[in-house]
Amino acid sequence: EYIRSVYFNKLETLRFSSSVGKFVGFTKQGQRYADYWNNDAAFLSSMRASKEIICQNYSKIAYDNILTKS
């Protein structure tokens, strides 16, 4: 799962989760940003693609490294 969180003054304002597939705002300002970014189809699709680009590639590398050391 890919999660991207945005914080302001140690308070989580919004979060993107690949399992949900969109941004969720936790504060008033975070909700405004979430609504804006959820309406941007190109940005939202790039965030959804981050799971395949980042998580699946690095998990394969980490898994291969574990197997070689055992």
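The values are calculated or read from the model by the stated rules, or taken from the named source; none is laboratory data. None of these values were measured; they are calculated from a predicted model. Please note: Cβ atoms are built from the backbone with ideal geometry, for glycine as well, and neighbour counts cover all protein chains shown. Ligands, DNA and RNA are excluded from the accessible area calculation, which covers all protein heavy atoms including side chains. Shrake-Rupley method; radii C 1.70, N 1.55, O 1.52, S 1.80 Å.
The single condition among (1) open to solvent by 70 Å² or more (accessible area, probe 1.4 Å); (2) at pLDDT below 90; (3) not basic (Lys, Arg) that Ala49 does not satisfy is (1). If you go through region 1-23 and keep only what is of a type in the set (Lys, Arg) and open to solvent by 90 Å² or more (accessible area, probe 1.4 Å), you end up with Arg4, Lys10, Lys22. Keeping to region 16-70, report how many residues are farther than 12 Å from Tyr2 by Cβ and not polar (S, T, N, Q). Final tally of qualifying residues: 26.
Scanning region 30-42 for residues that are surrounded by fewer than 14 Cβ atoms within 10 Å (Cβ to Cβ) and either in contact with a Leu (Cβ under 7 Å, 6 or more places away or on another chain) or not acidic (Asp, Glu) (or both) returns Arg32, Tyr36, Asn39, Ala41, Ala42.
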